[in-house]
1. Taking the condition more than 19 Å from the chain's Cα centre (by Cα) and loosely packed, with under 13 Cβ neighbours inside 10 Å, does residue 57 pass?
2. For the structure I just gave you, tell me whether residue 68 is surrounded by 19 or more Cβ atoms within 10 Å (Cβ to Cβ), modelled with pLDDT of 95 or more, under 15 Å from the mean Cα position of the chain (by Cα) and farther than 23 Å from residue 133 by Cβ.
3. Name the single residue, out of those in region 71-81 being in a loop (DSSP other than H, G, I, E, B) and not aliphatic (A, V, I, L, M), that is farthest from the chain's Cα centre (by Cα).
4. Do we find that residue 105 is free of Cβ contacts under 8 Å to residues at least 40 places away in the same chain and either surrounded by fewer than 16 Cβ atoms within 10 Å (Cβ to Cβ) or touching a Phe, Trp or Tyr at 6+ places or on another chain (Cβ under 8 Å) (or both) in this structure?
5. Which one is modelled with the highest pLDDT, of the residues in region 15-52 that are in a loop (DSSP other than H, G, I, E, B) and under 14 Å from the mean Cα position of the chain (by Cα)?
6. Name every residue in region 107-144 that is touching a helix residue (DSSP H, G or I) at 6+ places or on another chain (Cβ under 7 Å), over 22 Å from residue 12 (Cα atoms) and part of a loop (DSSP other than H, G, I, E, B), in order of residue number.
7. With the condition kept exactly as written, say whether any residue in region 1-8 is in a helix (DSSP H, G or I), on the phi < 0 side of the Ramachandran plot, among the hydrophobic types (A, V, I, L, M, F, W, C) and free of Cβ contacts under 8 Å to residues at least 60 places away in the same chain.
8. Take the residues in region 111-145 that are more than 12 Å from residue 3 (Cα to Cα) and among the aliphatic types (A, V, I, L, M), then tell me which one is surrounded by the most Cβ atoms within 10 Å (Cβ to Cβ).
Amino acid sequence: MRYYDTGIIIKLYTEEPESEVVRSFVLDDGEPILINDFHLSEMTAAITLKKYRGECSTLQVERLLSSIDEDRNKGVLTFKGVDWPEAWRMCRSLALEYAPSSGCRTLDTLHVACAVLLKADNFVSSDKRQLQLASLTGFKVINPTSF
């Protein structure tokens, strides 16, 4: 099972420089994309931030958020809950152990903690620090934007 960083998932719904290659990668995989509350919060913030920046209209924001809900209903995005107190404990532990050598940040460590708790095998991201942290914790890391 693959754990996708929110930055990769957002590229599926919005037009960003690497959106096309990410869509191709995800379609080739064919597996549902595992998401949790953290993903949903980050996706909502990223999409509504595009409105703030003038990159899209209110109607486009509503359509993008509806697309995410539709994909949840179709099973393209599969919601799986996380034990949040445990995720935060692991986040802190990862930061203590790896931040000094990797430069990872809180949200990087939280994503990796979620991936561990959800028992993912692979970690998919385009964020170098996050990929380094995931690799240090034993994940096979994949950066679809580097293909």
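The values are calculated or read from the model by the stated rules, or taken from the named source; none is laboratory data. Source: prediction; values computed, not measured. Heads up, the Cβs are rebuilt from the backbone with ideal geometry, glycines too, and the neighbour counts pull from every protein chain shown.
1. So residue 57 passes the test.
2. Details: surrounded by 19 or more Cβ atoms within 10 Å (Cβ to Cβ): yes; modelled with pLDDT of 95 or more: yes; under 15 Å from the mean Cα position of the chain (by Cα): yes; farther than 23 Å from residue 133 by Cβ: yes.
Judged against the criteria, residue 68 is a match.
3. 75
4. When the stated conditions are applied, residue 105 passes them.
5. That would be 36.
6. 137, 139
7. As a first pass, look at region 1-8 and keep what is in a helix (DSSP H, G or I): 6-8.
So of that shortlist, the ones also on the phi < 0 side of the Ramachandran plot come out as 6-8.
Narrowing further to those that are among the hydrophobic types (A, V, I, L, M, F, W, C): 8.
Now narrow it down to the ones that are free of Cβ contacts under 8 Å to residues at least 60 places away in the same chain: none.
No, region 1-8 has no match at all.
8. That would be 133.
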